[in-house]
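Asks: Mind having a look at this structure? Questions to follow.
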Number of protein chains: 2
Amino acid sequence: MTTQLGKHEPLPQGKHFDITGFAEFEAIESALHHAIADSEGIVRDMCLHILNAGGKRIRPLLVLYSGNLFSDGNKAELLQTAVAAELIHMASLVHDDIIDGSPYRRNKPSVNKVWGNHFAVLCGDYLFAKAFGLLSDPGAAAGMSYMVEAIQGMCYGEILQASDKYVTSISLEAYYNKIAKKTALFIARCCKAGAVVAGADGAQTDLAGQYGMNLGYAFQITDDVLDFCGDAAAMGKPAGEDLMQGILTLPVILLLRHDAYGPWIRQMIQNRAFSDENIHRVKLILEETGSIKKSYEIAEYHMERAKAALRLLPQSRYTDMLSGLADMLQTRVN
Amino acid sequence: MTTQLGKHEPLPQGKHFDITGFAEFEAIESALHHAIADSEGIVRDMCLHILNAGGKRIRPLLVLYSGNLFSDGNKAELLQTAVAAELIHMASLVHDDIIDGSPYRRNKPSVNKVWGNHFAVLCGDYLFAKAFGLLSDPGAAAGMSYMVEAIQGMCYGEILQASDKYVTSISLEAYYNKIAKKTALFIARCCKAGAVVAGADGAQTDLAGQYGMNLGYAFQITDDVLDFCGDAAAMGKPAGEDLMQGILTLPVILLLRHDAYGPWIRQMIQNRAFSDENIHRVKLILEETGSIKKSYEIAEYHMERAKAALRLLPQSRYTDMLSGLADMLQTRVN
């Protein structure tokens, strides 16, 4: 742990808010490696592969920061809960890549690409078991049911996403329900798990959950926009990939409601006419019609609601950290 | 619950020991349905499909019987732990069928066959989460780490099995290590989980585990033999299927050590020469060389060790039940 911010040291803002230098980030990296230290053979190789592929570690950071709002210092069970959240996230990514047949994850070959679907299924199961092993510690057990809800939500969300593919009549409600289950619920449950393990009361835990839920919506909507406007190389996937897979995201759903261009994109999706030229044109039209701008505004709205929940909690360095994390996620390019 | 045996009512013996009429079996069936009652849509359809495909419910019965050795009556947490064990078993079967590409399970189409691999992965994850949700109840939490060990063991066991395919030089130690992880550990951990949730002390819990581990070895070895000698229709798979998939089981490993026939079967496996005629011939030779008989004797040895562990525990209706369960598993034909 090389960096430790004092309670009142000003935090860097926006995209300059670099979490990787913070003590919490390093504590999580170290604890993640410790968690899989007793694994062996191919299981170990797979776990290390996915662990070393990196990641923003958003979920464990949210557990830690949310917990630290209510318990000063480094409660060991909080770090265990944080690590469990990241292991569950890793397991779900490994299984997602099987589901999507993705050969790459974070610019590296996916587990299924290297070891095949068979071992990748087992790798995910192993990581889930590892996570619940950590949560079986009595001090961390309070967060268990939140993690269970998160996994169940993700399963429903993935099924909704698969069922909704290419469905151009998708409602905004259906879109919200899908991203709630697929993304926002897990992020909210990380915040609630951190709070409850640290001893927060019911009302405080709910506020942490409101912060997380809105952060999760904003995170997913920003992700949706970045599918068209992000740094494709840094994201490790081509622009418009969601659309090409039939996943209709917020900017596209808004465009589908546009008088002039709605029928055009509807036709394009129904014909699966995803040529490079068409995808390029979609990007231009999303900008021109303000669909990108509107999507960012909706993400911004959720970020503001997230921060409003934070303001109702006891103010400390950690409310600042959670607010900074929100800014960082909103201004990211991958 | 239509049937309730009195503590001293004599138990049926051997293959006539029919668990399906017992109160515990019915309690488990009912609790399994209750556990997935709040699931929705496709998730619900998949869960009901696998649940209604039936099964011997060995693992939850072992949890209940092992627990009832130490707590008179029906401790609610014991039933929850039992149901969690069966949900974990179901999840692992769903994922196994993806791994093996099996279109059938218990004579019905597998989840992957009906809904595809994508949804089957999610169905397994959902069932794991459900199981851990049940184990998050404070009264059941003591069994959690045993269930975690069981899942991790199964992951290792499946990987060992996949890595050992067609390897005719497989040692008996490697075979035992594989079936320990793939099968016996889970069965042992069910017994330990039941005992510990019911309040057994360390030595008693270990004895329950010894019973389970030996029962698990015997169960798997009997399974190995039934691959050649079982009722193929009732098992829902053709004779010699393990061998055709390259899984070398105890009877085959014994035959590989036979002076006259060892080289013949080694050649056959290395050439993947699994014609119906050859499989039929393997069956005859397994009988002729005593490989089947020897395998049954080894299974019997483990059953005796299982019962020896039982005799060191406080005697009651439930030690009789556990002994009867062992007899039933040993004399089964599918």
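Asks: Taking θ = phi - 60°, what integer Hz values does the Karplus form 6.51 cos²θ - 1.76 cosθ + 1.60 yield along the stretch B:85-91, in sequence order, with x for Gly and Pro?
Replies: 4, 5, 5, 5, 4, 4, 4
Asks: Moving to a separate point now. Under a plain spin-label model, where a point goes 7 Å from the Cα along Cα-to-Cβ, how far apart in nm are B:Gln315 and B:Glu277?
Replies: Each label point is offset 7 Å from its Cα along the Cβ direction, giving 5.8 nm.
Asks: Placing a label point 7 Å from Cα toward Cβ, how far apart in nm is B:Tyr176 from its equivalents in the other copies, listed shortest first to one decimal?
Replies: Nearest first, the other copies' label points are 6.2 nm away.
Asks: Right, next: Per residue of the stretch B:124-131, in order, report the coupling 6.51 cos²θ - 1.76 cosθ + 1.60 (Karplus, θ = phi - 60°) as ³J(HN,Hα) in whole Hz, putting x for Gly and Pro.
Replies: Working through the residues one at a time gives x, 4, 4, 5, 4, 4, 4, 4 Hz.
Asks: Stretch B:Lys56-B:Ser163 to full length: gain in nm at 0.36 nm per residue minus the Cα-Cα span?
Replies: Gain in length upon complete extension: 35.6 nm.
Asks: Over 21 Å between Cα atoms: which of B:Lys192/B:Lys307; A:Lys75/B:Lys192; A:Lys108/A:Lys293; A:Lys192/A:Lys307 fall into that group?
Replies: Beyond 21 Å: A:Lys75/B:Lys192; A:Lys108/A:Lys293.
Asks: If the chain between A:Asp259 and A:Ala23 were fully stretched, how many nm would it gain, using 0.36 nm times the residue separation less the Cα-Cα distance?
Replies: Full-extension gain reported as 79.9 nm.
Asks: Within straight cross-link reach of B:Lys113, meaning Cα distance under 17 Å, which lysines are found once same-chain residues fewer than 8 apart are removed?
Replies: Reachable lysines: B:Lys237.
Asks: Something else about it: Taking only Cα atoms, what is the 0 to 90° angle, nearest 10, from helix A:58-68's long axis to the longest principal axis of chain A?
Replies: For A:58-68 against chain A, the angle is about 40 degrees.
Asks: Can you give the charge dipole size of the stretch A:14-330 about its Cα centre, rounded to the nearest 20 debye, using +1 on the beta carbon of Lys and Arg and -1 on the beta carbon of Asp and Glu?
Replies: 340 debye
Asks: Could I ask something else about it? Return the calculated 222 nm mean residue ellipticity for chain B, to the nearest 500 deg cm²/dmol, obtained by summing -39500 (n - 2.57) across DSSP H runs with n ≥ 4 and dividing by the residue count.
Replies: So the helix-based figure for chain B works out to -22000 deg cm²/dmol.
Asks: Okay, moving on. Search the structure for amide H atoms under 5 Å from the amide H of B:Gly199, placed 1.01 Å from N in the peptide plane, and list their residues when 5 or more places away or on another chain.
Replies: Placed amide hydrogens put nothing under 5 Å from B:Gly199.
Asks: Starting at the first residue of the stretch B:295-306, write each ³J(HN,Hα) from the Karplus equation 6.51 cos²θ - 1.76 cosθ + 1.60 with θ = phi - 60°, in whole Hz, x for Gly and Pro.
Replies: Computed from phi, the couplings for the stretch B:295-306 are 5, 4, 5, 5, 4, 4, 4, 5, 4, 5, 5, 4 Hz.
Asks: So what's the projected area for the stretch A:14-330, the Cα convex hull averaged over all directions, in nm²?
Replies: 15.6 nm²
Asks: If each label sits 7 angstrom from Cα along the C-beta direction, how far apart, in nm, is A:Arg272 from its counterparts in the other copies?
Replies: 3.0
Asks: Would you work out which of A:Pro60, A:Gly209, A:Val43 lies farthest towards the positive end of the dipole of chain A, given +1 charges on the beta-carbon of Lys and Arg and -1 on that of Asp and Glu, about the Cα centre?
Replies: A:Gly209
Asks: Pop the C-beta distance of B:Ala203 and A:Glu173 into the FRET formula with R0 = 45 Å and round what comes out to the nearest 0.05.
Replies: Efficiency at R0 = 45 Å is approximately 0.20.
Asks: Further question: Under 17 Å Cα-Cα from B:Lys294, which lysines qualify once same-chain neighbours fewer than 8 residues away are excluded?
Replies: B:Lys283
Asks: Could you grab the relative contact order for chain A? Cα pairs under 8 Å, six or more apart, rounded to a whole percent.
Replies: Working: 495 pairs, mean separation 71.4, N = 334.
After rounding, I find 21 percent.
Asks: Quick check: the angle from helix A:41-52's long axis to the longest principal axis of chain A, C-alpha only, nearest 10 degrees?
Replies: Helix A:41-52 sits at roughly 70 degrees to that axis.
Asks: Non-local amide H neighbours of B:Arg105 (under 5 Å, H modeled in plane, Pro and chain starts lacking H): which ones?
Replies: Amide H to amide H, under 5 Å and 5 or more residues apart or across chains, B:Arg105 pairs with B:Ser110.
Asks: Between B:Lys294 and the same site in the other copies, what are the distances in nm, shortest first, taking label points 7 Å from Cα along the C-beta direction?
Replies: Taking the point 7 Å beyond Cα along Cα→Cβ, the inter-copy spacings are 7.6 nm.
Asks: Lys and Arg at +1, Asp and Glu at -1: add these up for the other residues within a Cβ distance under 13 Å of A:Ala27 and post the number.
Replies: Local net charge: -2.
Asks: Taking loop as defined by DSSP and a crowding limit of 12 other beta carbons within 10 Å, which chymotrypsin sites (Phe, Trp or Tyr not before Pro) in the stretch A:220-305 fit? Could the numbers behind the result be given before it?
Replies: On the way: sites: A:Phe228, A:Tyr261, A:Trp264, A:Phe274, A:Tyr296, A:Tyr301; in loops: A:Tyr261, A:Phe274.
Here no chymotrypsin sites (Phe, Trp or Tyr not before Pro) fit, given the DSSP loop and packing criteria.
Laboratory data are not the source of any read-out in this text; all were calculated from the coordinates shown. None of the values given here were measured: they were computed from a predicted structure. Positions of Cβ are backbone-derived with ideal geometry, glycine not excepted, and every protein chain shown enters the neighbour counts.
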